[in-house]
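The values are calculated or read from the model by the stated rules, or taken from the named source; none is laboratory data. Please read these numbers as outputs of a predicted model, since none were measured by experiment. Methodologically, a virtual Cβ is constructed for each residue, glycine included, from the backbone with ideal geometry; neighbour enumeration extends over all protein chains shown. Just so you know, the surface numbers come from the protein's heavy atoms only, side chains and all, with ligands and any DNA or RNA stripped out. Shrake-Rupley method; radii C 1.70, N 1.55, O 1.52, S 1.80 Å.
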Amino acid sequence: MKIIAYIYTDFPEKFGIPRQSGLVKELKGRIVFEPAFRNPQVVQGLTEFSHIWLLWKFSQSKKEHWSATVKPPRLGGKKRVGVFASRSPYRPNDIGLSCVRLEGIRYDKNKGPVLEVSGIDLMDRTPIYDIKPYIPLSDCHPEASEGYTKETKQHMLSVDFPDDLLKVYSEDQRQAVLGILAQDPRPAYVQDEERIYGITYAGCNVKFRITGNVVQVCNVEPVSEM
């Protein structure tokens, strides 16, 4: 398959990225098409849709072989399910699927149409294979049943982020980083309350620990550019 675009986000690494799209609506990104697809006609009519599907490549998924079963993080990393009953990145084909909000399209003289999106769950420079409009009539199924995921619903944590540390971020970024931390980014099988974790977001590394249901931010350190 051809890579048609790349998405640019504030996540240089995987840790801390929400497990699904739409969980943190404040997280934003921009999609820049590859030169062969920069014709404005490729997005004609797209602004009439509020949401779009992204098909993308798990570019950081390193594996030699795929496995018939995987251990979903929300099951504590202990229980196995079939690979096709999960959204694990370790699959026969490294294809991801995300539904994001289309905030708008701006036209750049050199880059052509650039899609501004929110509610993202992708790393910076993730390759995009395809873009499709979200159609409520066919894509939304309120009556749908689910398996083990109904037992592992997201629980929101309280976040204690001191104002003097939070101010390093812009207003939009503040809401985003608070949302990231509230989602409990730790692996489900790691519950060490003394451990200090670090999330790199928007040029800074946020150091924190989690005690009970409270995220305590300890420090925010600028990340030097390579």
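Give the residue list of trypsin sites (Lys or Arg not before Pro) in segment 153-226 that are DSSP loop and have at most 13 other beta-carbon atoms within 10 angstrom. Intermediate values should be presented prior to the final figure.
Numbers: sites: Lys153, Lys167, Arg174, Arg195, Lys207, Arg209; in loops: Lys153, Lys167, Arg195.
Here the trypsin sites (Lys or Arg not before Pro) that fit, given the DSSP loop and packing criteria, are Lys153, Lys167, Arg195.
Placing dummy labels 7 Å off each Cα toward the beta-carbon, the span from Ala144 to Lys79 is 2.0 nm.
Near the amide H of Phe49, within less than 5 Å, lie no amide hydrogens of residues on another chain or at least 5 residues away, with H placed in the peptide plane. Remark: segment 195-206, residue by residue, has Karplus-estimated 3J(HN,Hα) of 6, 9, 9, x, 10, 8, 9, 6, x, 9, 9, 8 Hz, where x stands for each Gly or Pro and the curve is 6.51 cos²θ - 1.76 cosθ + 1.60 at θ = phi - 60°. Cα centroid separation, segment 108-147 to segment 159-226: 26 Å.
Under 5 Å from the amide H of Ser61 lies no amide H of any residue 5 or more positions distant or on a separate chain, with H modelled from the backbone and absent for Pro and chain starts.
Total lysine pairs in segment 64-207 at Cα distances under 18 Å, for residues eight or more apart or on different chains: 8. The alpha-carbon of Lys25 sits under 18 angstrom from the alpha-carbons of these aspartates and glutamates, leaving out residues fewer than 8 places away in its chain: Asp10, Glu103, Glu116, Asp121, Asp124, Glu171, Asp172, Asp184. Scanning residues 5 or more positions from Cys218 or on other chains, those with amide H under 5 Å from its amide H are Lys207, Phe208, Arg209, with H placed 1.01 Å from N in the peptide plane.
Annotation: per residue accessible area for the chain equals 59 Å², rounded to a whole number [probe 1.4 Å, protein chains only]. Entry note, the chain: the mean residue ellipticity at 222 nm calculated from DSSP H runs of n ≥ 4, each adding -39500 (n - 2.57), is -2000 deg cm²/dmol after division by the residues and rounding to the nearest 500. Work through the residues other than Lys25 whose Cβ is under 13 Å from its Cβ and net out their charges, Lys, Arg +1 and Asp, Glu -1. Charge balance near Lys25 sits at -2.
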